[in-house]
1. To the nearest 0.05, what FRET efficiency results for Leu43 and Val14 with a Förster distance of 35 Å applied to their C-beta separation?
2. May I ask you to give the percent of accessible area on the chain that is carbon plus sulfur, with a probe radius of 1.4 Å?
3. Please give the calculated 222 nm ellipticity per residue for the chain, where each DSSP H segment of at least 4 residues contributes -39500 (n - 2.57) and the sum is spread over every residue; nearest 500 deg cm²/dmol?
4. Go through Lys81/Lys107; Lys36/Lys139; Lys36/Lys107; Lys37/Lys120; Lys37/Lys139 and tell me which ones have a Cα-Cα distance over 28 Å in this structure.
5. If amide H atoms are built 1.01 Å from N in the plane of the peptide, which residues on other chains or at least 5 residues away come under 5 Å of the amide H of Asp175?
6. Which peptide among 168-181, 32-45, 126-139, 56-69 comes first, and what is the full order, when sorted by highest mean count of other Cβ atoms within 10 Å?
7. Grab every C-alpha pair in the chain, bin the distances at 5 angstrom width from 0 up to the longest one, and report whole percents.
8. Given contacts defined as C-alpha pairs under 8 Å and at least six residues apart, what's the relative contact order of the chain, whole-number percent?
Amino acid sequence: GGVALCWSDQHYGVPKNCLLPNRAPNMGNGWETARKKFRSPILTVGPDGTISNLVGNDWAIFKLAHRGCIELIEIDTNHFKGNFPESALIEGCDRPDLLDRDVLNQKELFERNTRSIQWKTLLPRTKLRAHERRYLALKDGGAASAEAASSSSSTDAVLEECGEVTHVRLTIYPDGGVSRLRLYGRPVA
């Protein structure tokens with residue numbers, strides 16, 4: 001499986017919890033960040049339905065088990081009812097040159113150079129909901145997308161094709177909790 005490499009905040013839970021099997025039995029079994037202290041007294045909704053004047057975000061970077069093309073994402077806010085993120089963005093980068101390096105070396109590289117990494121959008125900033133398992137798929141996303149769509153009533157075809165990836169970055173706005181993150185797709189050499 002994948003590995004959580006680094007993150008901006010782990011106030012109540014660590015991002016590696018997002019990779020645990022099954023659905024989370026409670027909030028402590030997910031990743032939850034501290035509330036941002038500075039919040040606008042008046043929130044403005046942008047054209048995409050997300051709040052446009054949020055201050056700050058939190059992020060976590062994951063190394064995938066295999067280099068591949070992502071076709072389906074499952075993001076679950078199970079048990080996070082009043083403290084789920086308003087929205088999330090998921091990006092990928094293709095760094096096969098890092099796969100032979102140990103995890104600590106990769107962690108250091110991403111922590112030092114996170115702004116210089118070439119990230120490609122996989123899931124544009126998308127509104128999340130409380131206590132919900134959500135599947136987000138490519139249009140005509142293949143077998144993984146079809147299987148998830150048949151098992152869930154909450155499937156949205158909103159992923160962008162971003163090619164091959166070795167790492168992903170989950171960014172949540174402005175803060176909150178995510179219990180699980182699953183990425184499905186095709187491995188490539």
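The values are calculated or read from the model by the stated rules, or taken from the named source; none is laboratory data. Every value quoted in this text rests on a predicted model; they were computed, and no experiment measured them. Cβ placement follows ideal geometry from the backbone for every residue including glycine, while neighbour counts extend to all protein chains displayed. In case anyone asks, the SASA skips ligands and DNA or RNA and just uses the protein heavy atoms, side chains included. Shrake-Rupley method; radii C 1.70, N 1.55, O 1.52, S 1.80 Å.
1. That gives a FRET efficiency of 0.75.
2. On the chain, the fraction of accessible area on carbon and sulfur atoms equals 51 percent.
3. So the calculated ellipticity at 222 nm is -3000 deg cm²/dmol.
4. As for pairs spanning more than 28 Å Cα to Cα, those are Lys81/Lys107; Lys36/Lys139; Lys37/Lys120; Lys37/Lys139.
5. Glu86
6. Result, highest mean first: 168-181, 56-69, 126-139, 32-45.
7. 1, 8, 17, 20, 22, 17, 10, 4, 1, 0
8. The value is 37 percent.
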